[in-house]
1. In the range 88-114, what count of residues is obtained for those that are of a type in the set (Gly, Ala, Ser) and assigned to a strand (DSSP E or B)?
2. Against the definition (open to solvent by less than 90 Å² (accessible area, probe 1.4 Å), modelled with pLDDT of 70 or more and not in a helix (DSSP H, G or I)), how does SER251 come out, yes or no?
3. Quick check on the range 69-85: of everything there that is of a type outside the set (A, V, I, L, M, F, W, C) and within 9 Å of the chain's Cα centre (by Cα), which residue is modelled with the highest pLDDT?
4. Would a scan of the range 115-129 turn up a residue that is in contact (Cβ under 8 Å) with a residue 60 or more places away in the chain, in contact with a strand residue (DSSP E or B) (Cβ under 8 Å, 6 or more places away or on another chain) and assigned to a helix (DSSP H, G or I)?
5. Looking only at the range 46-68, which residues are within 11 Å of the chain's Cα centre (by Cα) and either within 14 Å of TYR106 (Cβ to Cβ) or of a type in the set (Asp, Glu) (or both)?
6. Given the conditions (1) exposed (fewer than 14 other Cβ atoms within 10 Å of the Cβ); (2) within 16 Å of ASP130 (Cα to Cα), which single one is not true for PRO7?
7. Under the condition of being part of a loop (DSSP other than H, G, I, E, B) and in contact (Cβ under 8 Å) with a residue 40 or more places away in the chain, which residue from the range 130-140 is surrounded by the most Cβ atoms within 10 Å (Cβ to Cβ)?
8. Could you tell me which residue of the range 28-45 is surrounded by the fewest Cβ atoms within 10 Å (Cβ to Cβ), considering only residues that are among the hydroxyl-bearing types (Ser, Thr, Tyr) and outside any loop (DSSP other than H, G, I, E, B)?
Amino acid sequence: MADLNDPARLAELHQVLLRDDADAILDTCVERATELAQTPMALVSLIVRHIQLFRAHRGLPPELCVSCATSRSNSFCQLVVRHEAPLIVEDALVDERVPKELVERYGIRAYAGVPIRVREHVVGSFCVLDVVPRGFGPRVVEGLKQLAAEVGARIEAMESDASPPSRTMKERLARFEQSARLLEHALGAIAPVLAEAQSAAATLAEAPPAALSLDDLRAAVDCYRDMFAIATELAEDAMLISRSFPAETASEIALATRSLARDMVEIGPLVRLAEGVLQGTLGEGVAAKAAHVVRDAFAAHETATAAVRRIIATVERARATEVW
């Protein structure tokens, strides 16, 4: 299996990640994919260190059109890259291979994805998605492979393209807001798992937590790791962007990002400790403390969510009034 964090693989994505302008060739490829498979959605999904980035797309829900990304740990496309092979999911609701967050939040039921290769590395998945269970015949899969080859060639060609124009402050602010919204989305995704863990931990000493899916809890911990990295990058970007703001706006962003960083640090060990307790890998003496541990994690989660929303609100006001 491929290492998703292999530096050589990630290096192949460097040039394409520097640009966020629309690309006519990639846009045409996803449009042809929806026609080929007769699906409402198609994506060029690039698997990066913490997220899957949608470099081109058709038919996404409005929220994902804004962020153009989701957490890598919640994606189907990570499996295409990890195994370097096509992935066909006829009914995601019952397929144990795939994470369920996209199923529950967006109703994704069927998926067909093939590897996007840049030289010897698989950098992402070229895929189609549907909201009803269905199969994908050999003609569709072969057609997706041909389109994925065109996508890979286009990504290689981007290396020789002229560098994108330097971003204006408004453009940098928009990208910053997208990152904040992605983090808000990820925090929302992890909330039900923490709440369920809290409920299960309260009765752990008396009975096994049968109602809690440990797979869900492990996915929550993975999601946290992605969120921590995004929050760190968000804080670094906030420092650069806020230098162009009036003092009051810069202070609001600085306070919110510092609060967010503290809360994200607090969530991590608490969630991992809760996982250890619920899996039974920690001693029975710790079990009695499980409810307190998860309660604290949930409290930190709530304040982190509030901090992200303050960041988004401040950025929205700055963008609306053009105070920079």
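1. Summing the residues that are of a type in the set (Gly, Ala, Ser) and assigned to a strand (DSSP E or B) in the range 88-114 gives 3.
2. Considered against the rule, which asks whether it is open to solvent by less than 90 Å² (accessible area, probe 1.4 Å), modelled with pLDDT of 70 or more and not in a helix (DSSP H, G or I), SER251 comes out as no.
3. Filtering first and then ranking leaves SER75.
4. The answer is no, given that none of the residues of the range 115-129 is in contact (Cβ under 8 Å) with a residue 60 or more places away in the chain, in contact with a strand residue (DSSP E or B) (Cβ under 8 Å, 6 or more places away or on another chain) and assigned to a helix (DSSP H, G or I).
5. GLN52, PHE54, LEU64, SER67
6. Tallying (1) exposed (fewer than 14 other Cβ atoms within 10 Å of the Cβ); (2) within 16 Å of ASP130 (Cα to Cα), PRO7 fails exactly one: (2).
7. Of everything passing the filter in the range 130-140, PHE136 is surrounded by the most Cβ atoms within 10 Å (Cβ to Cβ).
8. THR28
The values are calculated or read from the model by the stated rules, or taken from the named source; none is laboratory data. All figures in this text were calculated on a predicted structure; none of them were measured in a lab. When we count neighbours, we look across all protein chains shown, and the Cβ atoms used for this are built from the backbone with ideal geometry, even at glycine. Side chains are part of the model used for accessible areas, which takes the heavy atoms of the whole protein and leaves out ligands, DNA and RNA. Shrake-Rupley method; radii C 1.70, N 1.55, O 1.52, S 1.80 Å.
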